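Undergrad: Sharing a structure, written as structure tokens. Questions coming.
The values are calculated or read from the model by the stated rules, or taken from the named source; none is laboratory data. All of these numbers come straight from a predicted model, not from anything done at the bench. Positions of Cβ are backbone-derived with ideal geometry, glycine not excepted, and every protein chain shown enters the neighbour counts.
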Amino acid sequence: MSEQVAFQHIEKTSLIGTRIKKPDAPAKAIGKTRYINDMVLPQMLYGKILHAGRTHAEIVSIDTSEAEKLPGVHLVITAQDTPDLKLGFVKDNAPLKDKVRCERDEVAAVAAESEAIAAEALKLIKVTYKDLPPVYTIEDGLKDGAPVIQDRFPDNKSLSFKFTHGDMAAAEQKSDIILDDVFNVHYVTHCCMGTSCAIADFDHNGKLTIYSQTQYPYNYKMDLAPALGIDPGDIRVIQPPTGGSFGAKLDVYPFEPVAAILAQKTGRPVKILFDREEEFINSPTRQPARMHLRTGCTSDGILTFRAADVMMDNGAYTSWGPTVPVIMMRTVSGHYRVPVVDFKGQAVYTNNAYAGSFRGYGNVQMTYATAQHMDMLAEKLAKDHNLDPIEFRLKNAQKSGEVTPQKSFLRECALAECLTTAAEASDYVNKLNKYTAERAQEGRYKRGIGLASSIHNAGGAKIHKSDGCGTILKMDDYARVTVITGASEIGQGIDAVIAQIVAEELGVPTEHVNLVNNDSDLGPWDVGVHASRTTFIAGNGARRAAIKAKKQILAAASKQANVSADELDLRGGFVVQDKDGAVVTKLDKMLRQMHFQPEPDVVMVSDYYEPNSEPEGRDHISDHSAAYSHAVHIAEVLVDTYTGEVKVEKVTMAQDVGRVINRMGLEAQMEGGLAFGLGFALSEEMIFEEGRLKNPSFRDYKLPTAPDMPDLDIHFIESDCAEGPYGAKGIAELPTIVVAPAIANAVYNATGIRFFNPPMTPEKVARAIWEKKQV
Amino acid sequence: MSVKTELNFTLNGRPVNIEVPVDMTVLNLLRENLDLKGTKYACGEGECGACTIEVDGTTINSCLMYAADLNGRTVMTIEGLGAGNKMHPMQQSFVDHGAVQCGFCMPGMIIQANYLVKQNPDLTREEMKRGLEGNICRCTGYTKVLDAVAAIVGAEG
């Protein structure tokens, strides 16, 4: 064998841009994967939480004695068992409550030998409440003498945000057109197919092992520890496979410390698993927002200013939801070239549900407004000033090298290319004019086409001081690679991308790269899987680690073969001559030779990659991402004007992805992201009455299913990002962000009606069409 | 304690004899008593399709069926579609086409897809969409799922 290889030549090929299968897919497809929901530990107890089911009340007394007597019950706890334990973004939340502030509030918890016994025990807990006057709207929360939700915030004002840039009065003066509208974005929720779950287990030294669905295992320890009164160093986080996440698991929520407290006090592992109704009521939502947007423009079609005043219902506690203005304002100041900006954001405590982080993070909300204003301006400028709607957008589209008022540095900007690509592929302008003309004609069915675009961070988001990710890489004597990365896998496919990148650098098959990323005791630091950052940050880290390993191997090979290391390469499991691919030696043999020499040399390298970005400061002026990206969606709809049903028939998507890494995974993110936006636009809505969720089931909360999916025409624009791995940018949120306003603009094109308050359900659309006819 | 009943049925080609509470669902029997956790709970009311299995050649939501009703029947779960670690062509096609992300809904989706193709080997893409309407997936947007099924029936996009 070794004689034959000496004559072999191996051509240089690349895996980048190819289709890589997800390594964990086969086990999932045959039903072998054990998700956290499926796990059972020896001696495990089942925890269940008693939720208040009312929105604002004093807890006068809790009698747990009957529940404690039920055979199979091991422990019942209330807030009295967990004093002064805090969690949440401003530490206004607690594992168990001594006062009720919203429907989901956790009042007591049980650990029992089965779920059925735990559920039975909850019924035996007697709580006496004294209801308090509730607050269900922002307006009521701000009234003088309004009931106070959180004692530390007597005016009910939670987080507030502000950013101004330039001379607003002068900009208004210069404006020939000023649009002034209010957009109301509704409550939606993640609906992960695997419901929320945690399994907690303490050892004899007081160290907690928590099996968790978290997306941010390392900071998670920091957030969980104060809710338990233990040191973060005494927490080990294990992340078994999870049934989706989409931002839902980017914070610690009460059920997790409750499971841990039950485990701590019983000395047994405790599992808490939500049923679907619990999942709907007790999971975070997307942050709803009332966005008052004003946009100015000259008659030449040059944007003069944007002013946004955003009011947010904080709900009763503060998770990531009301922090979304951090991203909203980047859209206000950076979605097209906006010279003058005024942004205000205010969150107000109420007795409603509270929001967390959710794919698109504030930008789904804000782009719904900004992209409709762009469409309204385009229409006006076309009508009054004969300006082509694409030309209008191109005039305002930033170019590479521009810097936004918040100092987002658009190093590589492909907005113009996204616009022209999508417009040409869909024949946008011709169809827009045709459908506008057809709108006035008789007929039940109307067609419409709508364009929307947006900007999003695509190289992480430095909301902490570090936005980095650690990687440890080792190779064994058989040329198998193990990569230990801080990056989490929640179904998105970083497993495939890291295998691909490491295989690319080390010239081994992707199947020979094993990924370890589910245990905080093993993995190096990472901020978490969020902000479309993982391929960019963890991908860069894995690449840098692999390059270090490669250098080490080639240095050893260089000595042995007596050739300079930069004349060597790794390909197809061999060390080869770079210029002609002539085989020097087998890679595994080389590794063994390195190992079994007088001074053994084993390949074990590490890397900590910190992206070239600046922390988000209080003034919000910083280049907070190492890259930014744009996307354009063009939606084509058919509206049944009788029933109000909106059928999205086709979406043309053009997105600056920097560079395609795993083409199949990238497409999958585009398609799945789009489905999220589709549901948000047309059917998904949490309906609250007096703070209580009225539709906590898939029967009444309508997710998109297969027949709802439009035909997709996907265009990847490769702007070749200098900082990204092989030029790639982060991609996963933009597809969700851009599609809803594209649909809204298309529905306008079809019907002449603007929908400022999604979702565009059949009832709402039919009513609006009927009302328009009455005028 | 609830009343129990004795059951005899065929599960993934093997006979099963077991005593179950009369109010136990098939989903719970599979997951809790028989350790077949490939079949998933995601809603418990027949809305999402994550617990889809085949009973006597027809797909059902196992969360809506009483285990007691399995007596004398033949059941196939996701674990019985292929053979051990060897994937059935439908499972392989889902993997090859990138239809699996978090994968939680996939056992139900694959069982349903396989059933649809058995019923109609010339399935069109529109028929696939209709046939998979009862299976919710939150990750994929269904496009790659349809591609995977289309590859099996030889239908193009």
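Undergrad: Would you mention how many residues in region A:577-601 are outside any loop (DSSP other than H, G, I, E, B), more than 42 Å from the chain's Cα centre (by Cα) and among the hydrophobic types (A, V, I, L, M, F, W, C)?
TA: Residues meeting the conditions: 5.
Undergrad: Across region B:84-120, what is the total count of residues that are modelled with pLDDT under 95 and within 22 Å of residue B:60 (Cα to Cα)?
TA: 0
Undergrad: Here's another thing I want to ask about it. Could you check region A:18-63 and list, in sequence order, the residues that are more than 30 Å from residue A:728 (Cβ to Cβ), surrounded by fewer than 21 Cβ atoms within 10 Å (Cβ to Cβ) and of a type in the set (S, T, N, Q)?
TA: Result: A:43, A:61.
Undergrad: What are the residues in region B:42-79 that are under 20 Å from residue B:113 (Cβ atoms), part of a loop (DSSP other than H, G, I, E, B) and within 14 Å of chain A (Cβ to nearest Cβ), if any?
TA: Within region B:42-79, B:42, B:43, B:46, B:47, B:48, B:49, B:50, B:51, B:77 meet the criteria.
Undergrad: Still on this model: So which residues in region A:218-273 are in a loop (DSSP other than H, G, I, E, B), crowded, with 21+ Cβ neighbours inside 10 Å and at pLDDT below 95?
TA: Within region A:218-273, just A:228 meets the criteria.
Undergrad: Do you know which of the residues in region A:645-704 that are touching a strand residue (DSSP E or B) at 6+ places or on another chain (Cβ under 9 Å), away from chain B (no Cβ under 13 Å) and among the β-branched types (Val, Ile, Thr) is surrounded by the most Cβ atoms within 10 Å (Cβ to Cβ)?
TA: A:657
Undergrad: I need a count of the residues in region B:124-148 that are more than 8 Å from chain A (Cβ to nearest Cβ) and in contact with a Gly (Cβ under 9 Å, 6 or more places away or on another chain).
TA: 3
Undergrad: Right, another one. Could you check region A:728-775 and list, in sequence order, the residues that are basic (Lys, Arg), over 19 Å from residue A:376 (Cα atoms) and either surrounded by 24 or more Cβ atoms within 10 Å (Cβ to Cβ) or free of Cβ contacts under 8 Å to residues at least 24 places away in the same chain (or both)?
TA: Selection gives A:729, A:773.
Undergrad: Give me the helices (runs of 4 or more DSSP H) completely within region A:63-149, filtered to those with at least 3 residues that are among the hydrophobic types (A, V, I, L, M, F, W, C), touching a residue at least 40 places away in the same chain (Cβ under 8 Å) and out of contact with any Asp or Glu (no Cβ under 8 Å at 6 or more places or on another chain), ordered by residue number.
TA: It comes to A:115-123.
Undergrad: Output yes when any residue across region A:354-371 is outside the structural domain of residue A:657 (by TED's automatic domain parsing), assigned to a strand (DSSP E or B) and in contact with a His (Cβ under 6 Å, 6 or more places away or on another chain), and no when none is.
TA: For region A:354-371, residues outside the structural domain of residue A:657 (by TED's automatic domain parsing), assigned to a strand (DSSP E or B) and in contact with a His (Cβ under 6 Å, 6 or more places away or on another chain): absent.
Undergrad: Applying the selection to region B:97-115, what residues are part of a loop (DSSP other than H, G, I, E, B) and either within 7 Å of chain A (Cβ to nearest Cβ) or out of contact with any Ser or Thr (no Cβ under 8 Å at 6 or more places or on another chain) (or both)?
TA: B:97, B:98, B:100, B:101, B:102, B:103, B:104, B:105 - these are the residues of region B:97-115 that are part of a loop (DSSP other than H, G, I, E, B) and either within 7 Å of chain A (Cβ to nearest Cβ) or out of contact with any Ser or Thr (no Cβ under 8 Å at 6 or more places or on another chain) (or both).
Undergrad: May I pose another question? Residue pairs, Cβ under 6 Å, 6 or more apart or interchain, first in region B:30-57 and surrounded by fewer than 21 Cβ atoms within 10 Å (Cβ to Cβ), second part of a strand (DSSP E or B). List them.
TA: B:46/B:61; B:55/B:75; B:56/B:74
Undergrad: If you don't mind, another one. Do we have residue A:643 as under 25 Å from the mean Cα position of the chain (by Cα) and of a type in the set (Ser, Thr, Tyr) here?
TA: Against the criterion (under 25 Å from the mean Cα position of the chain (by Cα) and of a type in the set (Ser, Thr, Tyr)), residue A:643 does not qualify.
Undergrad: Now for a separate question. Could you give me the residue pairs with C-beta distances under 6 Å whose first residue belongs to region A:299-327 and is within 19 Å of residue A:170 (Cβ to Cβ), whose second residue is of a type in the set (Val, Ile, Thr) wherever it lies, and which are 6+ apart or on separate chains?
TA: A:303/A:338; A:305/A:340; A:306/A:295; A:306/A:332; A:306/A:338; A:306/A:341; A:308/A:332
Undergrad: Report the residue count in region A:166-205 for those that are surrounded by fewer than 21 Cβ atoms within 10 Å (Cβ to Cβ) and of a type outside the set (A, V, I, L, M).
TA: Residues in region A:166-205 being surrounded by fewer than 21 Cβ atoms within 10 Å (Cβ to Cβ) and of a type outside the set (A, V, I, L, M): 15 in total.
Undergrad: Further question: Looking at A:290, A:294 in this structure, which one is more than 25 Å from residue A:692 (Cα to Cα), surrounded by fewer than 24 Cβ atoms within 10 Å (Cβ to Cβ), more than 20 Å from the chain's Cα centre (by Cα) and basic (Lys, Arg)?
TA: A:294
Undergrad: Let me ask something additional. Kindly check whether there is at least one residue in region A:118-125 that is in contact with a helix residue (DSSP H, G or I) (Cβ under 6 Å, 6 or more places away or on another chain) and farther than 30 Å from residue A:260 by Cβ.
TA: No, region A:118-125 has no match at all.
Undergrad: Please go through (1) out of contact with any Pro (no Cβ under 8 Å at 6 or more places or on another chain); (2) of a type in the set (A, V, I, L, M); (3) closer than 26 Å to residue A:703 by Cβ for residue A:311 and return the number of the only condition it doesn't satisfy.
TA: (3)
Undergrad: Of the residues A:479, A:461, only one is touching a residue at least 60 places away in the same chain (Cβ under 8 Å), within 14 Å of residue A:531 (Cβ to Cβ) and part of a loop (DSSP other than H, G, I, E, B); which?
TA: A:461
Undergrad: Quick check on my filter: what residues within region B:13-41 are within 13 Å of chain A (Cβ to nearest Cβ), in a strand (DSSP E or B) and among the β-branched types (Val, Ile, Thr)?
TA: B:25
Undergrad: If we scan region A:547-557, do we find a residue that is among the small types (Gly, Ala, Ser), closer than 30 Å to residue A:245 by Cα and in the same structural domain as residue A:482 (by TED's automatic domain parsing)?
TA: no
Undergrad: Which residues, taken from region A:705-725, are of a type in the set (A, V, I, L, M), more than 7 Å from chain B (Cβ to nearest Cβ) and in contact with a Leu (Cβ under 8 Å, 6 or more places away or on another chain)?
TA: None; the set is empty.
Undergrad: Can you tell me which residue within region B:58-100, out of those that are under 20 Å from residue B:143 (Cβ atoms) and of a type in the set (Val, Ile, Thr), is surrounded by the fewest Cβ atoms within 10 Å (Cβ to Cβ)?
TA: B:95
Undergrad: Test residue A:379 against the stated conditions and say whether it is within 24 Å of residue A:183 (Cα to Cα), free of Cβ contacts under 8 Å to residues at least 40 places away in the same chain and not in a strand (DSSP E or B).
TA: Here the answer is yes, as residue A:379 does meet what is asked.
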